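Q: Pasting a structure below so you can have a look.
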Amino acid sequence: MIWLLLCAIVPAAIALALIAWHKWIAPWRQVEELATEIGRGEQPRTFLVHGGAQAQRIGLRLEKIFQDLKQLDKQIAKRESGMQTIFSSMHDALLVVDSNRRVILTNDMFRKLFTLPEISAGTPLLEILRNPALDQAIANASGRGESIRSELTVDASQIEIHAVATRNDAGEITGALVLFHDITELKKMDQIRRDFVANVSHELRTPLSILRGYIETLLDNPKTSRDEFSRILGVMERHSKRLDLLAQDLLTLAHLESANPNLQLGNVDLPSFFEEMVRDWEKKLATKQLNVIVDVPPNAPMIRADQQRLQEALYNLLDNAVKYSREH
C-alpha cells in the first residue's frame, strides 16, 4: 500500500516541480540572464520570455531599456566625437585632470607641445610630465577653486597657462582644466616695441638738445649776424624735420598696436604697386647709387590689403635702407 502511495506521489511531485519550473523559475532565470547580458553591454538573442505574463512584460521592458541605452550610447559617442573634433582643432593646448591629478582629457596640441605619445585616460599626470609651474597652477585651481594665470617655458617657447577648477552639479571641485597659449611671438613683439620706444626716446634727446642750445644762443646773442642766423635756422629746420619723422614713427607704432586699426582693404595689383613705389624712390636711391630689384611675375594675382598701410611699411624699409647704406 505504501509502495503504491509513493508511486503516485513521486510522479505528481515531479510533475508539479516541472510545472513550477516552466511557469516561475525558468522565466525568472531567463529575465536574470537578459539583465546580465544588458549589463555587460551585449545584445540578447531574444527578449521573448517564455512563461507567465508578468515575466513576459518584464522582458519587453528590458528590451525597451536596452534600446534606450543603445540610443543614449550613440548620442554620447556623437557628442564625444564632436568635442574631440573641437579639441583637436584648437590652436591652444588643453589638459583636464581629476582631483587626484589623473589625466581625463588632452588634445593634440598638448601632446605636441610637450612631445608626448598618446595618453590613456586615468594616467597620473606625474608619470608623463613634471613641471613645477604647472603643478602649482593645478594645485591652486583645484585646491582653492581659483582661476590661475601663470607662465612657463617649454624648450624655447614662452607659454601662458590658465587653470580653472572643474565642478560637478553640486558645485564640488572635481579637478582642473588648463589651457596653454604660446605667447613667444607676443613676447618678442613686446620686446621689439620696448626697444623701439627706448631708441626713439634716445634719438629725441639729440635734436631737442640741439634746438634748445641754438634757441639759447639766439636769446643770449640777439645781434647774431645774418649769415650765422641763417645757418642756425637751417640746422634747426633739419632737426625739426627729424623730430617730425620720429613723431610719425611713434604714431605709426600706436596705430599698429591699436585693437581696431581700421584698415581700408581693397584689391592691390602687385606689379603696378611696386612699379610706382620704385619710381617714387628713384631719386633717393640714386643719391647713394642704390638699385631696387622687383621680382614679381606680371600675372601675379591681386591681394587684399590696405594699400596705404602697405606702402607706408615698405617706404619705411626703403627709407632705412637709404639712410643706413653706404654710397657705392
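Q: Sort through Glu160, Glu172 and tell me the only one that's surrounded by 14 or more Cβ atoms within 10 Å (Cβ to Cβ), of a type in the set (D, E, K, R), at pLDDT 80 or above and in the same structural domain as Leu94 (by TED's automatic domain parsing).
A: Being surrounded by 14 or more Cβ atoms within 10 Å (Cβ to Cβ), of a type in the set (D, E, K, R), at pLDDT 80 or above and in the same structural domain as Leu94 (by TED's automatic domain parsing) holds for just one of Glu160, Glu172, which is Glu160.
Q: Quick one: what pairs do we get from the stretch 61-74, first residue assigned to a helix (DSSP H, G or I), second at pLDDT 70 or above, C-beta under 8 Å, 6+ apart or different chains?
A: Hits for this filter: zero, empty list.
Q: Across the stretch 112-140, what is the number of residues that are assigned to a loop (DSSP other than H, G, I, E, B) and among the polar types (S, T, N, Q)?
A: 4
Q: Looking at this structure, is Leu105 outside any helix (DSSP H, G or I) and modelled with pLDDT of 85 or more?
A: Spelling it out, Leu105 is indeed outside any helix (DSSP H, G or I) and modelled with pLDDT of 85 or more.
Q: Kindly check whether there is at least one residue in the stretch 226-234 that is out of contact with any Cys (no Cβ under 7 Å at 6 or more places or on another chain), exposed (fewer than 11 other Cβ atoms within 10 Å of the Cβ) and touching a residue at least 12 places away in the same chain (Cβ under 8 Å).
A: No, the conditions are met nowhere in the stretch 226-234.
Q: From the residues in the stretch 141-157 that are polar (S, T, N, Q) and part of a strand (DSSP E or B), which one is surrounded by the fewest Cβ atoms within 10 Å (Cβ to Cβ)?
A: Thr153
Q: Next question, about the same structure. Any residue that is loosely packed, with under 13 Cβ neighbours inside 10 Å, out of contact with any Phe, Trp or Tyr (no Cβ under 7 Å at 6 or more places or on another chain) and not hydrophobic (A, V, I, L, M, F, W, C) - is there at least one of those in the stretch 178-188?
A: Yes: the stretch 178-188 contains one or more residues that are loosely packed, with under 13 Cβ neighbours inside 10 Å, out of contact with any Phe, Trp or Tyr (no Cβ under 7 Å at 6 or more places or on another chain) and not hydrophobic (A, V, I, L, M, F, W, C).
Q: Kindly provide the set of residues from the stretch 116-146 that are within 19 Å of Leu179 (Cβ to Cβ) and hydroxyl-bearing (Ser, Thr, Tyr), ordered by number.
A: Passing the criteria: only Ser142.
Q: Another question about this same structure. Among the residues of the stretch 241-274, which ones are in a helix (DSSP H, G or I), farther than 21 Å from His202 by Cα and either at pLDDT 80 or above or touching a helix residue (DSSP H, G or I) at 6+ places or on another chain (Cβ under 8 Å) (or both)?
A: Result: Leu270, Pro271, Ser272, Phe273, Phe274.
Q: Name the residues in the stretch 218-240 that are of a type in the set (Ser, Thr, Tyr) and under 21 Å from Thr206 (Cβ atoms), would you?
A: The answer is Ser240, and nothing else.
Q: Which residue pairs have Cβ atoms closer than 8 Å, lie 6 or more positions apart in sequence or on different chains, and pair a first residue in the stretch 298-309 that is assigned to a loop (DSSP other than H, G, I, E, B) with a second residue that is of a type outside the set (A, V, I, L, M, F, W, C)?
A: Final answer for the pair search is Pro298/Pro271; Ala300/Pro271; Met302/Asn267; Met302/Asp269; Asp306/Gln264; Asp306/Gly266.
The values are calculated or read from the model by the stated rules, or taken from the named source; none is laboratory data. Fair warning: this is a prediction, and the values are worked out from it, not measured in the lab. Positions of Cβ are backbone-derived with ideal geometry, glycine not excepted, and every protein chain shown enters the neighbour counts.
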